[in-house]
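The values are calculated or read from the model by the stated rules, or taken from the named source; none is laboratory data. Quick caveat: nothing in here was measured; it's all calculated off a predicted structure. A quick note on method: Cβ atoms are made from the backbone with ideal geometry, for glycine too, and the neighbour counts reach across all protein chains shown. Heavy atoms of the whole protein, side chains included, go into the accessibility calculation; ligands, DNA and RNA do not. Shrake-Rupley method; radii C 1.70, N 1.55, O 1.52, S 1.80 Å.
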Amino acid sequence: AVNTSIRISTLMALIVAICASLIIARSLVKPAQQMSVAAQRIADGHYAERVELPKDLEHSQFDEWQDFAYQFNLMAESLEETETMRMQLLGDVTHEMRTPLTTIKGYMEALMDGVVDADPATYHRIYKEADRLQHLVTDLQELSRAEANAIPLELQPITPQELVDATYHRLFLQYEEKGVALEMDVAEDLPMVIVDRQRLEQVLTNLAGNALNYTPEGGKVVISAAVQKEQVLFSVSDNGIGIAEEHLKHIFDRFYRVDKSRARKSGGSGIGLTIAKSLVEMHGGKIAVRSQGEGKGSTFSFTIPVA
Ligand code: ADP
């Protein structure tokens, strides 16, 4: 009787073990299959695909699956974001190129038909549009390199005063020509920063160049540097046309221009600030903008960690 009951219970235990392992195996295989299907769909270009954990696994002991599904969804989300950005960029670039190209083509047709005189003024207009296209291409190249972190930085210690001086001397004549005052306000004994001199001058020149563009004659722009916690804070303040609150959060976006028609006339493509932001971030800093509103001037500032 003892032997029989041992045999029966062994058999029962075996059956239970087999059933249990089958159930567990099934519940493990199912999410794996689900993820494999989702991965295939993403590979086919359906970037909105996400995996959902089966309800019975949600609060179970299979934390690893939940983690895996979560990470998988994060990856899918970032792929979807990249794809959206790619499409948006393509649309923006096409849009930016269309206007100058249409103008150039229009003038050429008019010249061929003899509707427009072949005088220096016409050639100058065509030249200006071609120049705009060239600027756009250069900016785009720079932007893609900056965003891909593909700009090698030649770091060297430098004083903030030197950076501000260099920018001041680069732009001084243009300021004088327009009748806008350019001033420097650099705190004494500022610590050195370790930066790519050329790149940071590019950022400061871009900000001070914008300030000049958007400040009417008789206005004033101040380039300043001061220490703030463990960082040096560079600022470019103008008392120009200012920026309305709703635009502030988009100002560093690619191709963003507050007044599209005005910026187009002045030749801006709305990429300068995006490049400036990437360059500052490559140095471990942050860039920001403040403005009290239209007509009340703007202040662009960025931080660079102290050497
Ligand atoms: P852009 O080449 O058009 O100047 P940016 O990226 O440098 O491109 O600037 C984006 C937009 O931000 C500009 O078109 C302008 O509308 C706004 N902006 C930049 N700097 C200033 C400023 N100092 N004052 C007012 N608006 C500004």
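Every residue in region 257-290 that is among the hydrophobic types (A, V, I, L, M, F, W, C) and modelled with pLDDT of 90 or more, please. Even if it seems obvious, please write down each step before you answer.
Going through region 257-290, the residues among the hydrophobic types (A, V, I, L, M, F, W, C) turn out to be 258, 263, 271, 273, 275-276, 279-280, 282, 287-289.
Those that are among the hydrophobic types (A, V, I, L, M, F, W, C) and modelled with pLDDT of 90 or more: 273, 275, 276, 279, 280, 282, 287, 288, 289.
Select from region 219-258 the residues that are touching a helix residue (DSSP H, G or I) at 6+ places or on another chain (Cβ under 8 Å) and acidic (Asp, Glu) and write down the one among them that is surrounded by the most Cβ atoms within 10 Å (Cβ to Cβ).
Looking at residues that are touching a helix residue (DSSP H, G or I) at 6+ places or on another chain (Cβ under 8 Å) and acidic (Asp, Glu), I get 238.
Look through 109, 80, 129 and report the one residue that is at pLDDT 90 or above, within 20 Å of the chain's Cα centre (by Cα), assigned to a helix (DSSP H, G or I) and not basic (Lys, Arg). Walk me through it before giving the result.
On the way: 109 fails: within 20 Å of the chain's Cα centre (by Cα); 129 fails: within 20 Å of the chain's Cα centre (by Cα).
When all the criteria are applied, what remains is 80.
Given the conditions (1) buried (at least 21 other Cβ atoms within 10 Å of the Cβ); (2) touching an Asp or Glu at 6+ places or on another chain (Cβ under 7 Å); (3) closer than 23 Å to residue 150 by Cβ, and given that residue 305 satisfies all but one, which numbered condition is not satisfied?
Evaluating residue 305 over (1) buried (at least 21 other Cβ atoms within 10 Å of the Cβ); (2) touching an Asp or Glu at 6+ places or on another chain (Cβ under 7 Å); (3) closer than 23 Å to residue 150 by Cβ leaves (1) as the failure.
If the Cβ limit is 7 Å and pairs must be 6+ apart or interchain, which residue in region 3-32 that is open to solvent by less than 100 Å² (accessible area, probe 1.4 Å) pairs with which residue that is part of a helix (DSSP H, G or I) and aromatic (Phe, Trp, Tyr)?
Within 7 Å, the pairs are 31/65.
So that you can scan it fast, the table gives a plain yes or no per residue for (1) under 30 Å from residue 142 (Cα atoms); (2) open to solvent by less than 70 Å² (accessible area, probe 1.4 Å); (3) touching a helix residue (DSSP H, G or I) at 6+ places or on another chain (Cβ under 9 Å):
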residue: 91; (1), (2), (3): yes, yes, no
residue: 99; (1), (2), (3): yes, yes, yes
residue: 104; (1), (2), (3): yes, yes, yes
residue: 113; (1), (2), (3): no, no, no
residue: 120; (1), (2), (3): no, no, no
residue: 129; (1), (2), (3): yes, yes, yes
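Would you please list the contacts, defined by Cβ atoms under 6 Å and residues six or more apart or on different chains, that run from a residue in region 295-306 that is over 14 Å from residue 258 (Cβ atoms) to a residue that is in a loop (DSSP other than H, G, I, E, B) and among the charged types (D, E, K, R)?
Pairs found: 303/286; 306/230.
In region 141-161, which residues are without any contact (Cβ under 8 Å) to a residue 12 or more places away in the chain and either in contact with a Gly (Cβ under 9 Å, 6 or more places away or on another chain) or among the charged types (D, E, K, R) (or both)?
Of the residues in region 141-161, the ones without any contact (Cβ under 8 Å) to a residue 12 or more places away in the chain are 141, 144-145, 148, 150, 152.
145 - this is the single residue of region 141-161 that is without any contact (Cβ under 8 Å) to a residue 12 or more places away in the chain and either in contact with a Gly (Cβ under 9 Å, 6 or more places away or on another chain) or among the charged types (D, E, K, R) (or both).
Please specify each residue of region 147-161 satisfying the condition of being part of a loop (DSSP other than H, G, I, E, B) and either acidic (Asp, Glu) or crowded, with 18+ Cβ neighbours inside 10 Å (or both). First the steps, then the outcome.
Taking region 147-161 as the starting set, the residues that turn out to be part of a loop (DSSP other than H, G, I, E, B) are 148-154, 159.
The answer is 154, and nothing else.
Among the residues of region 35-53, write down those that are assigned to a loop (DSSP other than H, G, I, E, B) and among the charged types (D, E, K, R). Can you show your working first?
Taking region 35-53 and keeping what is assigned to a loop (DSSP other than H, G, I, E, B), we get 44-53.
Selection gives 44, 49, 50, 52.
Quick one: is residue 278 assigned to a helix (DSSP H, G or I), more than 7 Å from the ligand (Cβ to nearest atom) and among the hydroxyl-bearing types (Ser, Thr, Tyr)?
On the way: assigned to a helix (DSSP H, G or I): yes; more than 7 Å from the ligand (Cβ to nearest atom): yes; among the hydroxyl-bearing types (Ser, Thr, Tyr): yes.
Yes; evaluated as a whole, the condition is true for this residue.
Output the residue which, of all residues in region 162-200 that are touching a residue at least 24 places away in the same chain (Cβ under 8 Å) and part of a loop (DSSP other than H, G, I, E, B), is surrounded by the most Cβ atoms within 10 Å (Cβ to Cβ).
Looking at the filtered set, the residue picked out is 180.
For the list (1) within 25 Å of residue 176 (Cα to Cα); (2) within 12 Å of the ligand (Cβ to nearest atom); (3) touching a Lys or Arg at 6+ places or on another chain (Cβ under 8 Å), I need the number of the one condition that residue 217 fails.
Evaluating residue 217 over (1) within 25 Å of residue 176 (Cα to Cα); (2) within 12 Å of the ligand (Cβ to nearest atom); (3) touching a Lys or Arg at 6+ places or on another chain (Cβ under 8 Å) leaves (2) as the failure.
Any residue at all in region 95-104 that's polar (S, T, N, Q) and under 30 Å from residue 45 (Cα atoms)? Steps first, answer last, please.
The first filter runs over region 95-104 and keeps only residues polar (S, T, N, Q), leaving 99, 102-103.
Okay, now just the ones that are also under 30 Å from residue 45 (Cα atoms), so none.
Within region 95-104, not a single residue is polar (S, T, N, Q) and under 30 Å from residue 45 (Cα atoms).
If only one of 248, 212 is near the ligand (Cβ under 9 Å from one of its atoms) and within 17 Å of residue 297 (Cβ to Cβ), which one is it?
Only one candidate qualifies: 212.
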